[in-house]
Amino acid sequence: MTENSQEVKPAKALSTFSVLYRILARDIQVALRRQSDVAAVFFFFIIAASLFPLGSGADPKLLSAMAPSVLWVMALLSCMLSLSRMFSSDYADGTLEQMMISNQPVVLIVLMKILAHWILSGLPLVFVAPLIGLQFNLGGAELQILAASLLMGTLALSLIGSIGAALTLGIRGTGVLIAILVLPLYIPVLVFGAGAVNAVSIGMSPNGALSLLGAVLSMALVFAPLASAAALKIALE
Amino acid sequence: MTENSQEVKPAKALSTFSVLYRILARDIQVALRRQSDVAAVFFFFIIAASLFPLGSGADPKLLSAMAPSVLWVMALLSCMLSLSRMFSSDYADGTLEQMMISNQPVVLIVLMKILAHWILSGLPLVFVAPLIGLQFNLGGAELQILAASLLMGTLALSLIGSIGAALTLGIRGTGVLIAILVLPLYIPVLVFGAGAVNAVSIGMSPNGALSLLGAVLSMALVFAPLASAAALKIALE
Amino acid sequence: METNTGTNRPRINWLKYASPKTFYPLAGKLIPWCAVSAAVLIAYGLYIGLLVAPTDFQQGEGYRIIFVHVPAAWFSMFLYLLMAMYAGLGLVLNARLSYMMATAIAPTGAMFTLIALVTGSLWGKPMWGAWWVWDARLTSELILLFLYIGYFSLQAAIDDKNRADKASAVLALVGAINVPIIYFSVKWWNTLHQGASVSLTQAPAMAAIMLKGMLIMAVGFWLYSIAVILMRVRCEILERDSKTAMIRQD
Amino acid sequence: MGFLAKNHMLAATDLVGVRGGRLLFDKLNFSLSNGTVLYLQGANGTGKTTLLRTICGLSKPYEGNVNWCGEDIHELAEDYYKHLLYIGHLPGIKEDLTALENLQFSLALSGTPFDLTQATEVLHLLGLAKGLNLPTRMLSQGQKRRVALARLWLQDLPLWVLDEPFTALDANATDMLKQKIEAFANEGGIVVMTTHQEVAMHVPKFEQLRLGA
Amino acid sequence: MGFLAKNHMLAATDLVGVRGGRLLFDKLNFSLSNGTVLYLQGANGTGKTTLLRTICGLSKPYEGNVNWCGEDIHELAEDYYKHLLYIGHLPGIKEDLTALENLQFSLALSGTPFDLTQATEVLHLLGLAKGLNLPTRMLSQGQKRRVALARLWLQDLPLWVLDEPFTALDANATDMLKQKIEAFANEGGIVVMTTHQEVAMHVPKFEQLRLGA
Ligand code: HEM
Ligand SMILES: Nc1ncnc2c1ncn2[C@@H]1O[C@H](COP(=O)(O)OP(=O)(O)OP(=O)(O)O)[C@@H](O)[C@H]1O
Ligand SMILES: Nc1ncnc2c1ncn2[C@@H]1O[C@H](COP(=O)(O)OP(=O)(O)OP(=O)(O)O)[C@@H](O)[C@H]1O
Ligand SMILES: [Mg+2]
Ligand SMILES: [Mg+2]
């Protein structure tokens, strides 16, 4: 690096922190402007989960036995449905190109996009899932663990999902393709998440499953942004 | 209409039939060119349905009790996932505008687009669903009725879904919005479709459910293309 | 469709009120009357329900929730049909006022749906020991809520007013065709497996006083709905007129 | 060409255009007969695209109407569309299909049979010889536009509506297109177009309309 | 302006560009110092966009490399990008946000603080006074381009790469942009651009490069 060009940076340049904050804020701003966007993942989860009782007769015992897997699978699908949004609009309008040639590390930018996705589509589920759980006749202890496992699990889902979203950028029929790429990677999250709830409902401790979920989450935190950033660069080439 | 302008049509103009055939053929051609598209709905269904045993611990009785609702709900979600594709790429590249000002009735064009969607995403499920059903310990009679109900049901899903796809054209975050609009409308199809399978599994006749499903299908055949055509015109205005 | 189709027949009088200009002051006059009578009737209905009506010998005091629950459930369905009717009228006549009415009805309809659901499940806990059962009537009420939500979401997602009006009108109509289908499908589904484990219609023969209370509440809700809907339409007219007024100023 | 012998007339009466609550054009009147090129001018955002889409019947006018041979286009519907060729900002090209496949489809939409030899010739003429069998995704900006414009050479319709047809074209292609438009008007076609480049056309009737003036 | 005092140099050595198995440019060499405008010419599909994206580091060259002040841009990475302003075919504008919000975000990406008054002034200058608080979806084709181009007035970077910047602009806006580019070059900026319109620029060094000749 020549000394020359290093000094060019104007003294008053924004800090990395405020740039990153702006990226996060913009995503949330855009989503709030379209209120429907935020509400949508939420309602998808509620409606889709309510379909199961309609497909099976309304036997309360069957319902509460199905509940952990149904609720977790639906959380997983609703996170996944909104994945294609994570980068695609920035890609279509050229913003993503600009992000790649911005003066901030791409990995950090990607991390912000992931966080925004989680806040908008994962976090709300933590709060509704217990309500739906009531409709499936789940008890108080199960509901608590359901919320706890979703809190960790949905963040992991957004992180892992970002890789699929980045890989499928600019490919048509993305929705379903992402699903194929991402669902297999989601399996550990599902197994430990639903496992924790199942454990409580048969009177065992959920701690084992929850700490494994935590381990998956930390792995995802480290590797997913790196992988997504690499995938984005490839997609734009 | 003045006589003048009516005679302009060149003698050798294509028949309505061949124009419609071309529309259908093109959609299938585009999808086959992107092989991933065709395979995708298919695999989504397989993977998503396989998540349930993972989430619920593999109790065979629970599984076969869950099977009709799980398979039908998953068929419904996979049809729905591919809905946003039905018109959106034609909208984005301007083809849809051209279709609106083509010299064929818009309703017929829309019907062709719906048929193409069904052939590419509904029909394949009729063939895989019984295979997955085997994994859930369903018996032969149930599997047959499952396939029969899906054959009629998926066509109804494509028809009803087209309304949602048309209404949400050009709106961001479409995937989830379509889901909200369309899932409530899908409920009768789900109830009768899964109901037929459930009926067999408790040793009753599925005919009642199947003929109700047929009635829903015929209603959809009549009204859905009209509603979608109206919605498309509104979207382009 | 448009005024310039060139027929010489005089316009039917009611079309005069279909123009926002004449409608606005008319609505303004109606609102206070409706609001006041709604308040009075609802208060009187509650008085009958909570104090006058005798305690039910089977259900204890809990049954008093019926005075809110049942009229709310009626109106949740009635308002949906009304909304769909205005939406259809809007599409056929291309009348802006019809769209505005449909838009204005939706929130009130959704509110009554929510009230029916909440009061129902509050009542369900003591009656059936569960907040929720998958009974046909409950389920179709829940789906009705989803239909309202779909209507809102679509309208919120489109910011060109004109397009939002028309698109959500199409949705409302499609939903209206589906409501009866949904109701019967769900009913059919539920009676397949289970016997009538819960049946809402087998309430004890209603005492005359209960019927009176419920009817008064219903009329109160009706007047309340009119007042709120008219208020919303007036806001809508103002908002849109301020825009159209600007059109020729620039 | 089939339409040569016929007399056509595109007319607007008291056309009012409003977009996003702003008045774009007010009580516009014009009537275009065979051989006329109407050249819309105006700064960015003055409503050219809106007017063109209104003429195509894609947008409904706020007031007034557009007539084709004396009848409202919204009532004629398909009977109007079978005379109309519209090329807008969006090329109407499917990126996954090749140039030829795209053309075949565009022609089918207006009921024109597809003649492979003729289509290949036109694409050669337009300098797309190498790209015939590539998915159009692999073409450059200007090459995609050329594929969309190829319809002008292959279809036999009396009214063209063109929104900034010269965008992304190089000098050579611009020339070719200009000559094509001139030839079309000389044969009796009607053209409504807009562009920010300077154009001078040698046609029977050349009319200019400036919006937002 | 901050960069005025510095000497910069953008150079290409033996740059080879290949797209879809076709050789677009072969062993390209150039070196641009302060005050230079490099004007890429060439027919449609000759590789102008490909070259511009290579210069930005968005595409990797098949062979050869691009240097900034003597170092490979792929090694400099963010240290290069903080000098670069690229405006491509796509405007990089979010349709749901207003013009001001879009600008704020674009500036943030290159670390430039956002000054509301200044941004408002520039948008006024560019004729967008009425559209300041509309979502950009509601703007016309040319108005959207103007929002994207407003960055040129607000950022303080020494290298501009512009792909057909005049597209969709009316005569007035075209003039304004040309003057801006001239002023920038006269202050010592480096510009690489392409356009199919004729341009004549009054700048310290004006170089032309014709591709596909
Ligand atoms: C969330 C739970 C509930 C929902 C969504 C619900 C919904 C409804 C609806 C939609 C109606 C009007 C039906 C009609 O008039 O055709 C209704 C009426 C009624 N509900 Fe509920 N309900 C719920 C819970 C309950 C409970 C727990 C009870 C008492 C055990 C109850 C008792 C009644 C009665 C007595 C009527 C009047 C029946 C009639 O006039 O035919 N509901 N409810
Ligand atoms: N994604 C792609 N895959 C393969 N080849 C491509 C792709 N994109 C462009 N090409 C080819 O690369 C060549 C150069 O394209 P490029 O976009 O650089 O041209 P251009 O000079 O910018 O043309 P224009 O003036 O039309 O914008 C074209 O011949 C095109 O066919
Ligand atoms: N979807 C929309 N909603 C609201 N207003 C719009 C919408 N699209 C365009 N407008 C407004 O309508 C006006 C005219 O737009 P139009 O696209 O017709 O302009 P134009 O003359 O084609 O401009 P250009 O030369 O930039 O293409 C603009 O001022 C724009 O702000
Ligand atoms: Mg325009
Ligand atoms: Mg280019």
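Odds and ends about this structure:
- Neighbouring partner chain Cβ atoms per residue of C:136-142, average, 10 Å criterion: 2
- Using the Cα coordinates of region E:3-97, the gyration tensor eigenvalues translate into equivalent-ellipsoid semi-axes of 21, 20, 13 Å, sorted from longest to shortest.
- Packing, taken as the mean count of other beta carbons within 10 Å per residue, orders the peptides A:76-85, C:210-219 from highest to lowest as A:76-85, C:210-219.
- Neighbour-count order for E:Ser110, B:Ser218, B:Ser228, A:Ser89, fewest beta carbons within 10 angstrom listed first: B:Ser218, A:Ser89, E:Ser110, B:Ser228
- Peptide-level mean, for A:60-66, of C-beta atoms on other protein chains within 10 Å: 4
- Nm distances between copies for D:Glu198, ranked from closest, using label points 7 Å along Cα→Cβ: 0.6
- Distance histogram in 5 Å bins (all Cα pairs of chain D, percent per bin): 1, 7, 15, 19, 20, 16, 12, 7, 2, 0
- Kirkwood Rh in Å, taken over all unlike Cα pairs in region B:36-116: 15.3
- Remark: mean inter-chain Cβ contacts per residue of E:137-147 equal 5, using a 10 Å Cβ-Cβ cutoff to other protein chain atoms.
- Virtual spin-label span in nm between B:Phe17 and C:Phe78, 7 Å along Cα→Cβ: 5.4
- For region B:90-197, the spread of Cα positions along each principal axis, largest first, Å: 51, 27, 21
- For the pair region C:97-167 and region B:93-130, the centres of their Cα atoms are 31 angstrom apart.
- Binning the alpha carbon pair distances of region D:1-56 at 10 angstrom intervals from zero yields the distribution 20, 48, 22, 9, 1, expressed in whole percent.
- Once both labels are positioned 7 Å from their Cα atoms along Cα-to-Cβ, the gap between B:Leu123 and E:Val16 label points is 4.7 nm.
- If you take all other residues with their beta carbon under 14 Å from the beta carbon of A:Ala194, and give Lys and Arg +1 and Asp and Glu -1, the sum is -2.
- Region A:75-115 - Debye-derived log10 I(q)/I(0), Cα point model, q = 0.30 Å⁻¹: -1.04
- Exposure here means at most 14 other Cβ atoms within 10 Å; with GluC sites (Glu not before Pro) in a DSSP loop as sites, the longest stretch of chain D lacking them is D:1-186.
- Taking other C-beta atoms within 10 angstrom as a stand-in for reagent exposure, A:Val189, C:Val36, C:Val133 fall in the order C:Val36, C:Val133, A:Val189, fewest first.
- Translational diffusion of the protein assembly as shown was estimated from the Stokes-Einstein equation, with Rh taken as the Kirkwood radius over Cα pairs; at 4 °C and 1.567 mPa s the coefficient is 40 µm²/s.
- Among D:His89, D:His8, the order by Cβ neighbours within 10 angstrom, fewest to most, reads D:His89, D:His8.
- Its residues counted as N, region A:2-236 yields a C-alpha radius of gyration over 2.2 N^0.38 Å of 1.12.
- Distance between the modelled labels on D:Asn172 and E:Asn172, one decimal in nanometres: 3.6 nm (7 Å Cα→Cβ projection).
- Diffusion of region D:60-118 by Stokes-Einstein, at 37 °C in a medium of 0.692 mPa s and with Rh set to the Kirkwood radius over alpha-carbon pairs, works out to 238 µm²/s.
- Overall Cα dimensions of region B:162-237, principal axis frame, Å, largest first: 52, 26, 10
- When each of B:Lys233/D:Lys60; E:Lys27/E:Lys178; B:Lys233/D:Lys178 is checked by Cα-Cα distance, pairs over 21 Å: E:Lys27/E:Lys178; B:Lys233/D:Lys178
- 7 Å along Cα→Cβ, label-point gaps from B:Asn137 to other copies, nm, shortest first: 1.9
- Per-copy distances of the B:Ser211 label point, shortest first, in nm (7 angstrom along Cα→Cβ): 6.2
- Relative to one another, the C-alpha centroids of region E:143-213 and region D:176-196 are positioned 31 Å apart.
- Region A:184-237 and region D:64-129 have Cα centres lying 51 Å from one another.
- Dipole moment magnitude, nearest 20 debye, the protein assembly as shown about Cα centre, only Lys, Arg, Asp, Glu C-beta charged: 1520
Values in this text are rule-based calculations from the coordinates and carry no lab data. This structure is a prediction, so every number in the text was calculated from the model and none was measured. FYI the Cβ positions are ideal-geometry reconstructions off the backbone, even for glycines, and counts take in every protein chain you see.
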